[in-house]
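A.B. asks: Got a structure for you, written out below as structure tokens; questions coming shortly.
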Amino acid sequence: MTGSDDASESGATGTGGTNRIPSLGPRGEGWVALQVVCFGLIAVALAYAPPETDTDMAAIGTRQIMGYMVGMIGAVLLGAGIAELRRAKALTAVPHPLPGATLVERGPYRFVRHPIYGGLILGALGLAVITPWPGTFAAVGLLAVVLDLKRRREEAWLGDRYPGYAAYRGRTRALIPFLY
């Protein structure tokens, strides 16, 4: 999906229009609460995942290496996104932009509009690959849905706040560099 394809999906207009994604609070605080619930579900799923039954140690090792690699890519994306927003004094957990903040398009934001959300999803996916159990993958899937909806709500506010956001959105992926 290209960056411009998902503009119609989110309902974001960038011109003061409405968005089908609810705000869940004046600054989107409910989205943060849902995100925390998802993190808790992932932790519970990891804690209660049944023990490994596969006896093929080579397959287990390969899967674990893949999980660590995906997780590390997520950690780098997450850390770079946080660092760039801190530099710009625009870091906030809620999806509503901070008053006086500027649109950040440098660092990891050149490649993806929401590197923090993408990093969280990839990190959680890496954990699920390391601890393969349907409950873990379901919790990660729920986190991905919540973060994608939070992103769409945030983008409506960003489009309303920054006149150049529509152009930025059209040339930059949403969550995962080069993919989505």
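The values are calculated or read from the model by the stated rules, or taken from the named source; none is laboratory data. Everything quoted here is computed from the prediction, not taken from an experiment. Because the Cβ atoms are built from the backbone with ideal geometry, glycine has one as well, and the counts that use them run over all protein chains shown.
A.B. asks: Does the range 126-144 contain any residue that is of a type outside the set (A, V, I, L, M), closer than 22 Å to residue 25 by Cβ and in contact (Cβ under 8 Å) with a residue 12 or more places away in the chain? Working first, answer last.
C.D. replies: Of all residues in the range 126-144, those of a type outside the set (A, V, I, L, M) come to 126, 131-137, 141.
Imposing the further condition that a residue be closer than 22 Å to residue 25 by Cβ reduces the set to none.
No - not one qualifying residue is present in the range 126-144.
A.B. asks: Is it the case that residue 98 is more than 15 Å from the chain's Cα centre (by Cα) and assigned to a loop (DSSP other than H, G, I, E, B)?
C.D. replies: Values: more than 15 Å from the chain's Cα centre (by Cα): yes; assigned to a loop (DSSP other than H, G, I, E, B): yes.
The answer is yes for residue 98.
A.B. asks: Still on this model: So in the range 73-95, with the set limited to residues that are touching a residue at least 40 places away in the same chain (Cβ under 8 Å) and part of a helix (DSSP H, G or I), which one is nearest to residue 26 (Cα to Cα)?
C.D. replies: So, considering only residues that are touching a residue at least 40 places away in the same chain (Cβ under 8 Å) and part of a helix (DSSP H, G or I), the one nearest to residue 26 (Cα to Cα) is 78.
A.B. asks: Now for a different question. Counting just the residues of the range 122-176 that are touching a Lys or Arg at 6+ places or on another chain (Cβ under 9 Å) and assigned to a loop (DSSP other than H, G, I, E, B), which one comes out surrounded by the fewest Cβ atoms within 10 Å (Cβ to Cβ)?
C.D. replies: Applying the filter and picking the extreme gives 132.
A.B. asks: Considering only residues that are assigned to a loop (DSSP other than H, G, I, E, B), surrounded by 12 or more Cβ atoms within 10 Å (Cβ to Cβ) and not basic (Lys, Arg), look in the range 14-51 and name the one that is farthest from the chain's Cα centre (by Cα).
C.D. replies: It comes out as 49.
A.B. asks: Residues to consider are 14, 3; find the one that is modelled with pLDDT under 95, in contact with a strand residue (DSSP E or B) (Cβ under 6 Å, 6 or more places away or on another chain) and not charged (D, E, K, R). It would help to see each step written out before you state the result.
C.D. replies: Working: 14 fails: in contact with a strand residue (DSSP E or B) (Cβ under 6 Å, 6 or more places away or on another chain).
Selected residue: 3, the only one of 14, 3 that is modelled with pLDDT under 95, in contact with a strand residue (DSSP E or B) (Cβ under 6 Å, 6 or more places away or on another chain) and not charged (D, E, K, R).
A.B. asks: Filter the range 130-179 down to the residues that are among the charged types (D, E, K, R) and more than 20 Å from residue 32 (Cα to Cα) and list them by number.
C.D. replies: Those that are among the charged types (D, E, K, R) and more than 20 Å from residue 32 (Cα to Cα): 160, 161, 169, 171, 173.
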